[in-house]
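The values are calculated or read from the model by the stated rules, or taken from the named source; none is laboratory data. Computed from a predicted model, the values in this text were never measured in an experiment. Here the Cβ positions follow ideal geometry from the backbone for every residue, glycine too, while neighbour counts run over all protein chains shown. Only protein heavy atoms, including side chains, enter the accessible area calculation; ligands, DNA and RNA are left aside. Shrake-Rupley method; radii C 1.70, N 1.55, O 1.52, S 1.80 Å.
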Amino acid sequence: VAAEITVFEARRRVLAAAAQLDQETAEVARALDRVLAADIRATADIPAFPCSAMDGYAVTAGPADRRLALIGESRAGTPFPVRLETGQAVRISTGASVPAGADAVVRQEDTHRDGDVVVADVAAESGANIRRPGEDMRAGERLLAAGGRLDPAALAVAVAAGVGTVAVTRRPRVAILCTGDELRAPGEPLGPGQIHNSNGPMLTAQAERCGGEPSEALRLPDDPDATESALRTALERSDVVLISGGVSVGPHDHVRPALDRIGVEQRFGSVAMRPGRPTWFGVRAPTLVFALPGNPVSAAVAFSLFAAPALAALQGLPAAATDLRAAELAIPVRCHPHRAQALLSRCEHRGAMLLARPCPRQGSHVLTALLDATSLALIPSGEGELPAGSPIQLAELVR
Ligand code: AMP
Ligand code: MG
């Protein structure tokens, strides 16, 4: 029986084994949630040309009540090609190039027309209503750093900066195997003693949330040969293998011996925590294997604490992205003498402080309790009770 290690040591061993995957090129518009493998810099000053912030008239700076000859129009995408002289005006749209010679824009609302003459009712100061080149971005400026995840704003910035394709880390391929003779597919009618395979869809979705590329989840019978052969195939095809159930030491638990036969090297076999104690982690380079408990809450917790940081590291996210956060307990919690507890909790903000409020129901089979939880409050082992206000650490529950 393998020695139990702490949650922290287990996470450290996972991160030590998870090296960033190679990079590939992706079209910006398809790169949502991908992690940048290289910095993104502006290819030019943006705006690239002086342009109007308003619909109105491009003019030279001057006092109120000027009568100006209208000589043409500058539209967005179609600049006016001729130099503007004092005493002239060019109709201009928002975003259109300010013609040479003009150094101010008078808003449409601040003018009136008198035949071909535009009367500027207000004074125009030099620079008024003009967006200067480089106001948003400077050519060569670093806009997005390697290791950042591309969100909608980052995609827009990259495109505006002139970028069409980005260097991103390859998405980790994740295989999901669910062991258990009792498991049936979603919606399938159940016979006596059978249950639906909820871990399959849950782990698939969690892997996807963490940027992984899950393959179709497979159900496996509690059979040594079937377990071994499915694991062999999964190892060939994947960066990460998640296998749920069958990881304890019962007569129908075949996962550990199968992993051993295949040559997956154990990095830990048991974590001093509740739920999720029998979580197993090993490596057959370059693939990482997580054998997760079958109990659904335990599987969700073990995924969040161990597989999620691995997926982040494989994609090149900085460790800080999955670091534990400091929080305070909102209510007292009874400690377990030998094991840390990972309690399903809601995380609330109290000023600058995070408050962790453990959910009332914590059973490793009580799936519905997951619905109320955002986080995992890590309660150290010990005697007695941890009072409200105690400092603890908080992990994100992937959901
Ligand atoms: P095991 O780890 O295989 O001993 O399973 C522990 C508990 O989790 C048992 O009650 C199983 O029926 C249940 N379980 C195992 N696999 C799954 C699964 N894929 N979906 C839902 N429950 C599961
Ligand atoms: Mg089982």
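Numbers at a glance
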quantity	calculated
Close pairs (6 angstrom Cβ cut-off, 6 or more residues apart or separate chains): surrounded by fewer than 19 Cβ atoms within 10 Å (Cβ to Cβ) in the range 164-179, part of a strand (DSSP E or B) anywhere	165/25; 165/27; 167/23
Leading residue by the ranking (surrounded by the most Cβ atoms within 10 Å (Cβ to Cβ)) among those in the range 252-275 that are within 11 Å of ligand 1 (Cβ to nearest atom) and either at pLDDT 95 or above or charged (D, E, K, R) (or both)	255
Test: residue 34 is basic (Lys, Arg), within 18 Å of the chain's Cα centre (by Cα), surrounded by fewer than 14 Cβ atoms within 10 Å (Cβ to Cβ) and over 30 Å from residue 91 (Cα atoms)	no
Residues that are away from ligand 2 (no atom under 16 Å from the Cβ), open to solvent by less than 10 Å² (accessible area, probe 1.4 Å) and of a type in the set (A, V, I, L, M), drawn from the range 200-233	207
Selected residue (only one of 188, 182 is open to solvent by 40 Å² or more (accessible area, probe 1.4 Å) and more than 16 Å from ligand 2 (Cβ to nearest atom))	188
Residue count for the range 276-290, restricted to those that are more than 13 Å from ligand 1 (Cβ to nearest atom) and outside any loop (DSSP other than H, G, I, E, B)	8
Total residues in the range 358-383, condition open to solvent by 30 Å² or more (accessible area, probe 1.4 Å) and of a type in the set (Gly, Ala, Ser)	2
Single unsatisfied condition, residue 23 versus (1) open to solvent by 80 Å² or more (accessible area, probe 1.4 Å); (2) over 30 Å from residue 324 (Cα atoms)	(2)
Residue list for the range 281-304, restricted to those being away from ligand 2 (no atom under 12 Å from the Cβ), out of contact with any Leu (no Cβ under 7 Å at 6 or more places or on another chain) and open to solvent by 10 Å² or more (accessible area, probe 1.4 Å)	283, 285, 286
Pair list, Cβ < 7 Å and 6+ apart or interchain, from the range 195-211 residues that are under 24 Å from residue 316 (Cα atoms) to residues that are of a type in the set (D, E, K, R)	211/33; 211/171
